[in-house]
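Student: Here it is: the structure, laid out below.
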Amino acid sequence: MLALGLCILLNALLFVLFREFGRRGVSLTQAVPVNYAVCFACCFAADPFLFHEAVNVAPDWRWLALLQGALFIGLFILIGWAVSRAGIAYTTLMTKVSVVIPVAVA
């Protein structure tokens, strides 16, 4: 239950932060990749052995990890753009609907 509550709270905070980025003139195309670089560095600083595990991943999977990272960065930039243009409520609603439809079809 705690994890669900934290997920909802942090998801809402993400949209509020994206709105503040637009108000304060922060570039999303710079802020989102810098965020990923800082998270990457903090992750490996917290657990140095994780880096050795990441290096030993089969080469066939590395390009998929890079693709997934690029897609996440693109997704967050698109969400930030939508929040600044359409507002928090509409963007939140559309992101929820974009999850519900594929799950219902599956």
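The values are calculated or read from the model by the stated rules, or taken from the named source; none is laboratory data. Computed from a predicted model, the values in this text were never measured in an experiment. A quick note on method: Cβ atoms are made from the backbone with ideal geometry, for glycine too, and the neighbour counts reach across all protein chains shown. For accessibility, only protein heavy atoms count, side chains too; no ligands or nucleic acids. Shrake-Rupley method; radii C 1.70, N 1.55, O 1.52, S 1.80 Å.
Student: Can you tell me the dipole magnitude for the range 20-97 around its Cα centre, using point charges on the Cβ only (Lys, Arg +1; Asp, Glu -1), in Debye to the nearest 20?
Tutor: In debye, rounded to 20, the range 20-97 gives about 440.
Student: How large is the accessible surface per residue of the chain, computed with a 1.4 Å probe and reported in Å² as a whole number?
Tutor: 77
Student: For the chain, report the % of Cα-Cα distances exceeding 15 Å.
Tutor: 74
Student: Also, quick follow-up: Full-extension gain between SER27 and VAL99, please, as 0.36 nm times their residue separation minus the C-alpha to C-alpha distance.
Tutor: Contour length minus Cα-Cα distance gives 23.2 nm.
Student: In nanometres, what is the gap between the two model label sites at LEU75 and LEU4, each 7 Å from Cα along Cα-to-Cβ?
Tutor: Here the answer is 2.1 nm between the modelled labels.
Student: Please work out how much length the chain gains when fully extended from ARG19 to ALA86, using 0.36 nm per residue of separation minus the C-alpha to C-alpha distance, in nm with one decimal.
Tutor: Result for the pair: 23.1 nm of gain on full extension.
Student: Counting only protein heavy atoms and using a 1.4 Å probe, what share of the accessible area of the range 1-77 belongs to carbon plus sulfur, as a whole percent?
Tutor: Carbon and sulfur together cover 75 percent of it.
Student: For the charge dipole of the chain, defined by +1 on Lys and Arg C-beta atoms and -1 on Asp and Glu C-beta atoms about the Cα centroid, which residue among CYS42, PHE21, PRO59 has the Cα displaced farthest towards the positive pole?
Tutor: After comparing all options, I get PHE21.
Student: Could you work out which residue, out of ASN35, ASN11, ASN56, moves most in a Gaussian network model of the chain, that is, has the largest mean-square fluctuation with Cα springs under 10 Å?
Tutor: Highest fluctuation of the listed residues: ASN56.
Student: Relative to the present Cα-Cα distance, how much length would full extension add between VAL34 and ASP60 at 0.36 nm per residue of separation?
Tutor: Here the answer is 6.7 nm.
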